[in-house]
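Single-structure report; data block below.
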């Protein structure tokens, strides 16, 4: 019970934070280490050029120096793809994309430069043909994208589309009235993912156009973009994203890749067109929050989408989002923690000069007026942190929502950056709660006079021992004061009495102001206590998420003398069986063997063995004294044989008995004894009848 | 006086017993000797039991009963073989010896089974 309570107390702050998480952290080192784990080349290379590009692009954006060296293998694979006549526009596109980062040093040697030049020429012609023959959005995307990349990688400016406006119109033909796009003219389904691809393609066409494009085309395109942003979806915490609700899930993209595609298209378009794309800055900030709110994705492609989109947002021409973050949202009043705020771009680089203002602080759950005056935070240029060193006096322990506002110093930055009007951040202010005048008292029932009174030191160890009967009362009281000297009301103030038989009773400790007090009138509680007299352990719990010295303490025990239960008194409930005892290991079975009998000393036994031989010796000596002889032993051959066989038979039977004693069982013995017995009867009969006959002959003679 | 005369009487009694026993046939003496041998062996085992204790009791019992049993059988043999005994006049001593051997074998089969 105690452990689960402590666990609950520990869990509490996290639950609260998760419930109102509106704080976004910019990309940090945890992303960098995750990137190295997610993009690990197998045998020195990635599976495809697309993966190679994603990995290299991620490393480039995150500025990772110690990346795995795949340049050699990547370059080989790039030149193979570019040289092959069978490569599709998609292969060429990714090969060129990867090359734009790896920058394979093909250009250095003249011959290879010539080769590359002719190669480019060849690719250019092939891609141009692909543009003209393209019928679906993806065909356009890959071939136009390839051309744009070639343009970016050569100094020659002769890469252009002859009929840019015509191609533009044929791509634009896929657009829908709601701002979404179709993949091809015979596919009625439209999606925001396709819209992102289309925007990127169209931006490519504009940059490849040999002459100025028709402005009306660009204006309609921008209208499409604003229509597309009307369908944006929103999380409670202020994150905005695109999602395609396709019934057919075959080519369905998740919200992350969809949003990422739109962001890429949008920034590409903004980069090539003059005049700004008309979008509210909040939407860009919402998109940035969406990407940051994901945390660190566990999938390589998600990771790439997140990082690439954030990189696009970091340097886009629409508006660059600034993210306000706090290193810690828990401030300790006792330790005099200062409020620190950091303002960065999404990728964690420094923001332009600005001031952070704390414009309000609200106690969680109440909509009262702000507790603080608006005040500016001091900027520490060394660490790049905005600091409010002393929390306002009106802020006491508790959970608050702080409202920050970012004010950019230079007016031209206001156009470039977007900060969001106000940022609300949940803040926990913790502190040590002063516990004073804690005492435990046993009162006499009627008069209320004090029988015993003991002071308690709730910060330390207590072991009071009290005794009371059912006519008396138990009173426990203490005072809680916050560091600012105000009354503190914790989440939990519980008193627990536990009887010897493990039956527990829990009481809530009520308060009036600072004073906490509970009076247990045992007369009214005898039934609740099941008339169980005896020792009750007292345990006091005072706990709160913002209380740094939450406690769960055994105070001591009280010996209760309650009356005998009447006939129909309620029985105490059976205590829940500890599951460990039911399903845990059973008690070990110890085998008890009979203690071995005491054996006599070996010498004694051997001496008696010798003694038993003595009578036998005596017998033999006696036989000699009597002058026994074997004269009667038959002298003829046949009777003598039988006589010998008879004795051998008897000896065999005796030997069989010895074997029976040593190792044979009864059945084996009886079987053998049967044969021996028959033999012995036959032989014995022959010899004895022979002897009888001779003695009869002697008698008769 | 009376005491010396009783001693003398006892001596005379023993003397006459010995001389009477000397007339016993040799085969009966052998049997007597055998009975004595068996009884003494049993006695030694009883003394051993008295010193050490009766554990293992079945071994003790079989040891003693083996001796006593064979002594009893030997006495029976002696009764049957004795020529003075008119009751078994028609019974040849060979037959009596065959009975003795058979009974001993059966007795010792049981003893061995009981010995443990």
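Given N residues in segment A:434-583, what is Rg(Cα) / (2.2 N^0.38 Å)? Write out the running numbers ahead of the final one.
Values: Rg = 16.7 Å, N = 150, 2.2 N^0.38 = 14.8 Å.
Compactness ratio reported: 1.13.
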Checklist entry - Which angle from 0 to 90°, rounded to the nearest 10, does the C-alpha axis of helix A:300-314 make with the longest principal axis of chain A? => result 30
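Taking the Cβ-Cβ separation of residue A:80 and residue A:187 as r and a Förster radius of 45 Å, what is the calculated FRET efficiency to the nearest 0.05?
Efficiency for this residue pair is about 0.85.
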Checklist entry - Can you give me the relative contact order of segment A:22-318 as a percent, contacts being Cα pairs under 8 Å and 6 or more apart? => result 18
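If each residue's Cβ is checked for other Cβ atoms within 10 Å, how do B:76, A:312 rank with the fewest at the top? Spell out each step's value before the answer.
Working: B:76 14, A:312 22.
Sorted ascending by nearby Cβ count, the order is B:76, A:312.
Helix-only estimate, please: 222 nm mean residue ellipticity of chain A, summing -39500 (n - 2.57) across DSSP H runs of length 4 or more and dividing by its residues, to the nearest 500. Write out the running numbers ahead of the final one.
Numbers: 19 runs with 299 residues, N = 701.
After summing the helix terms and dividing by residue count, I get -14000 deg cm²/dmol.
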Item to check | Label point distance in nm, residue A:577-residue A:42, each placed 7 Å from Cα along Cα→Cβ | outcome: 5.1
Checklist entry - Could you give the angle, 0 to 90 degrees to the nearest 10, between helix A:137-153's Cα long axis and the longest principal axis of the Cα atoms of chain A? => result 70
Checklist entry - Order of A:189, A:436, A:567 from fewest to most other C-beta atoms within 10 Å? => result A:567, A:436, A:189
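Sort A:475, A:180 so the one with the fewest other Cβ atoms within 10 Å of its own Cβ comes first. All intermediate terms of the calculation are to be shown ahead of the outcome.
Working: A:475 17, A:180 23.
Least crowded to most crowded, the residues run A:475, A:180.
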Item to check | Inter-site label distance for residue A:334 and residue A:407 at 7 Å from Cα along Cβ, in nm | outcome: 3.7
Item to check | Separation of alpha-carbon centers, segment B:82-112 and segment A:406-459, rounded to whole Å | outcome: 113
Checklist entry - Does a label point 7 Å from the Cα of residue A:126, set along Cα-to-beta-carbon, have any residues of segment A:39-54 with amide nitrogen under 17 Å, and which are they? => result A:49-50
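If you average the sequence gap of Cα pairs under 8 Å that are 6 or more apart and divide by the length of chain A, what percent do you get for the contact order?
Details: 1068 pairs, mean separation 58.9, N = 701.
Relative contact order for chain A comes out at 8 percent.
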Next on the checklist: In whole Å, what are the extents of segment B:26-115 along the principal axes defined by its C-alpha atoms, from largest to smallest?
Outcome noted: 48, 24, 17
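Let me know the mean shielding of A:623-634 by other chains, meaning the per-residue number of their Cβ atoms within 10 Å of its Cβ. Present the calculation step by step, with values, prior to reporting the outcome.
Numbers: counts 6, 0, 2, 6, 2, 5, 1, 0, 0, 1, 0, 0.
So the per-residue partner count for this stretch is 2.
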Checklist entry - Based on the Cβ-Cβ distance of residue A:236 and residue A:374, what FRET efficiency does E = 1/(1 + (r/R0)^6) give at R0 = 30 Å, to the nearest 0.05? => result 0.70
Checklist entry - Taking Rh as the Kirkwood radius computed over C-alpha pairs, what is the Stokes-Einstein D of segment A:22-318 at 20 °C in a medium of viscosity 1.002 mPa s, expressed in µm² per second? => result 107
Checklist entry - Considering the zone a paramagnetic label at residue A:28 would reach in this model (a point 7 Å from Cα along the Cα-to-Cβ line), which residues of segment A:425-457 have amide N under 19 Å from it? => result A:425-429
Checklist outcome for this item: Rounded to two decimals, the Rg over Rh value of the protein assembly as shown from Cα coordinates and the Kirkwood Rh reads 1.42
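Let me know the mean shielding of A:684-694 by other chains, meaning the per-residue number of their Cβ atoms within 10 Å of its Cβ. Provide the component values of the computation, followed by the final result.
On the way: counts 5, 2, 0, 2, 8, 4, 1, 4, 5, 2, 1.
That works out to 3 on average.
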Item to check | Euclidean distance of C-alpha centroids, segment A:337-392 and segment A:634-658, integer Å | outcome: 121
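What average number of partner chain Cβ atoms lie no more than 10 Å from the Cβ of the residues making up A:650-662? All intermediate terms of the calculation are to be shown ahead of the outcome.
Values: counts 3, 0, 0, 5, 4, 0, 3, 7, 1, 1, 5, 6, 1.
Counting other chains' Cβ atoms within 10 Å and averaging over A:650-662 gives 3.
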Item to check | Inter-site label distance for residue B:57 and residue A:598 at 7 Å from Cα along Cβ, in nm | outcome: 1.8
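Between residue A:100 and residue A:551, what's the calculated FRET efficiency when r is the beta-carbon distance and R0 is 51 Å? Round to 0.05. If you can, show how the numbers build up before the last one.
Numbers: r = 62 Å, r/R0 = 1.22.
After rounding to 0.05, the efficiency reads 0.25.
Calculate, in nm to one decimal, what residue A:315 and residue A:678 gain on full extension: separation in residues at 0.36 nm each, minus their alpha carbon distance.
Numbers: separation 363, 0.36 × 363 = 130.68 nm, distance 11.74 nm.
Result for the pair: 118.9 nm of gain on full extension.
Read-outs: derived from the displayed coordinates by stated rules, not from any lab. For clarity, every value in this text was computed on a predicted model and none was experimentally measured. Note that each Cβ is placed from the backbone with ideal geometry, even for glycine, and that neighbours are counted across all protein chains shown.
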